[in-house]
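First comes the structure, then the notes that go with it.
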Amino acid sequence: MNEPMVTSPLPGPRAKALLERDRAVLSTSYVRPYPFVPDRGEGVWLYDVDGNRFLDFFAGIAVNTTGYGHPRVLAAVEAQAKKLQHVCFSDFTHEPTLSLAERLVERLGGGYRVYFGNSGTEAVEAALKLARYHTRRPYFLAFTGAFHGRTLGSLSLTSSSPRYREGFAPLLPGVVHVPFPSPADPPFGVAPEHAAQAVLEHLDHLFKTKLPPAEVAAFFVEPIQGEGGYRFAAPGFFKALKEKLDRHGILLVADEIQTGAGRTGTFLAMEQEGVTPDVVLLAKGLASGYPISAAIFKAELSSWPPGAHGTTFGGHPVAAAAAHATLDLLEAELIENAAHVGALLLEKLRAGLEGVPGVRDVRGRGLLLAIEYADQSTRDAAVRRAFEKGVLTLGAGERAQRLTPPLVLSEAEAELGAALVVEAAREVSQGA
Ligand code: PLP
């Protein structure tokens with residue numbers, strides 16, 4: 001772990017050549033925040049095509065729960081691929097995906113049904129359609145700063161940046177956004193301790209003036225806003241929100257696509273809020289990098305008939321096998337590891353960044369952490385400097401640098417990563 005990590009200039013010659021080819025043929029919508037071209041991975045380490053070694057602190061954007069090449073995941077994938085690959089699960093049931101549904105329902109305490117897709121946005125689309133079909137209500141609620149995906153339905157809920165929406169209107173009609181109750185960044189100019197109450201009162205006001213609550217199908221929420229900047233809601237807010245929604249028959253859809261599967265130190269982040277959602281959406285970390293998503297909804301909402309919704313690849317047996325292995329590891333040790341190593345990482349980052357000009361806040365829950373900078377250019381410089389030092393991170397929102405390592409991160413790896421991220425942040429804050 002202590003050998004040098006970045007040993008050639010970035011980008012190296014092989015990375016440069018591949019990036020040039022990439023620019024010539026790939027959609028111009030791909031971002032490429034810095035010139036990293038991965039070749040192989042092992043545990044929490046990624047190696048680029050020029051042989052540089054990086055500590056992976058973004059995990060494919062909160063996806064690679066068990067790191068790279070975990071033997072239990074590889075064994076499950078290999079065994080399933082040899083036995084049975086694709087048979088459309090929308091038409092025919094099979095054991096690996098069926099038992100994954102049973103397992104997820106059991107984890108949530110029973111009384112749910114599951115629909116499988118391939119990606120986060122497909123889980124969101126399924127929830128939008130399910131909620132509309134079951135309630136026959138036309139409106140949806142979501143938060144400003146939310147990110148729920150980029151297909152036209154989910155994009156209608158997303159409001160974390162105009163960049164995602166520009167040029168794509170008209171979107172789904174009937175989506176109403178309300179401010180997010182973040183005490184760090186309170187809405188309506190209220191004091192931080194009044195953030196929750198202000199948003200609840202705003203909802204009442206909406207319900208009294210222009211949005212008939214009996215016509216609202218569902219409220220889509222992220223327990224912690226992800227792409228929008230790793231923003232936390234005021235304590236107790238979601239519980240109060242759920243009570244209010246229940247009074248009006250409005251479904252609470254918890255988009256746990258980024259926060260779920262153990263990342264915050266519990267299987268669902270909503271467990272820490274004491275809230276039982278009507279619908280839970282999982283994707284990203286559920287299968288350690290294999291594409292699968294799940295919309296898990298209260299059984300009584302499943303009033304749609306066969307054929308009302310479906311997909312060719314969703315619930316793929318190989319991805320389901322990877323999800324089983326991931327769940328085994330989460331249950332055995334990784335949920336606890338996320339809580340434990342996440343707390344250590346937060347402590348190290350806070351200690352190292354205290355008083356650093358240019359750093360406004362360091363926050364996190366489990367292995368979902370962020371450093372908030374004074375402005376976007378300092379954040380961008382910090383992400384780039386961390387990369388040059390051998391730690392892969394990403395931006396989120398306007399000013400946050402997000403850290404979402406694989407949940408197999410050890411204490412020693414967390415300390416090394418924290419030291420390098422702190423060094424990078426200090427250097428860019430001092431204009432070094
Ligand atoms: N919802 C949340 C909370 C997300 O973070 C994301 C992706 O970042 C999505 C939905 C969309 O998932 P996907 O990119 O797999 O479509």
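The values are calculated or read from the model by the stated rules, or taken from the named source; none is laboratory data. Just so you know, these numbers come straight off a predicted model, no measurement behind them. For neighbour counting, all protein chains shown are included, and Cβ atoms are generated from backbone atoms with ideal geometry for every residue, glycine included. Only protein heavy atoms, including side chains, enter the accessible area calculation; ligands, DNA and RNA are left aside. Shrake-Rupley method; radii C 1.70, N 1.55, O 1.52, S 1.80 Å.
Computed values, structure above
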| read-out | value |
| --- | --- |
| Among 230-243, 397-410, 211-224, the order from most to least packed when residues are scored by Cβ within 10 Å on average | 397-410, 211-224, 230-243 |
| Length released on extending from T312 to A299, taking residue separation times 0.36 nm less the Cα-Cα span | 2.4 nm |
| Burial order of peptide ranges 315-322, 197-204 (average beta-carbon count within 10 Å, highest first) | 315-322, 197-204 |
| Most to least packed among 167-173, 144-150 [average Cβ atoms within 10 Å] | 144-150, 167-173 |
| Residue-by-residue Karplus 3J(HN,Hα) for segment 162-175, coefficients 6.51, -1.76, 1.60, Hz, glycine and proline x | x, 4, 6, 9, 4, x, 10, 5, x, 9, 4, x, x, 9 |
| Stretch gain in nm, segment V25-H202, where the contour uses 0.36 nm per residue and the Cα spacing is subtracted | 59.0 nm |
| Cα-based shape type of segment 227-343, given that a ≥ b ≥ c are square roots of the gyration tensor eigenvalues and the cut on a/c is 1.5 | oblate |
| In Hz, Karplus ³J(HN,Hα) per residue of segment 310-320 (6.51, -1.76, 1.60; θ = phi - 60°; x = Gly, Pro) | x, 6, 5, 8, x, x, 4, x, 5, 5, 5 |
| Loop chymotrypsin sites (Phe, Trp or Tyr not before Pro), segment 37-103, which have at most 11 other Cβ atoms in a 10 Å radius of their Cβ (DSSP) | F92 |
| Contour minus Cα-Cα distance for A17 and R360 (0.36 nm per residue) | 119.7 nm |
| Under-5 Å amide H pairs with G315, H placed in peptide plane, nonlocal only | G117, S293 |
| Accessible-area order (highest first, 1.4 angstrom probe) of the listed residues D22, D56, D91, D380 | D91, D380, D22, D56 |
| Most mobile listed residue (P277, P71, P186) in the chain, GNM with C-alpha springs under 10 Å | P71 |
| Span from the segment 176-191 Cα centroid across to the segment 373-392 one, whole angstrom | 27 Å |
| Overall form of the chain per C-alpha gyration tensor (a/c, 1.5; a/b vs b/c) | oblate |
| Residues whose placed amide H lies under 5 Å from that of Q258, excluding near-sequence neighbours | none |
| Interchain or long-range residues, amide H under 5 Å from L141's placed H | V176, A218, F219, F220 |
| Estimated dipole of the chain in Debye, rounded to 20 [Cβ of Lys and Arg +1, of Asp and Glu -1, Cα centre] | 960 debye |
| J(HN,Hα) series, segment 412-417, from Karplus relation 6.51 cos²θ - 1.76 cosθ + 1.60, nearest Hz, glycine and proline x | 5, 5, 5, 5, 4, x |
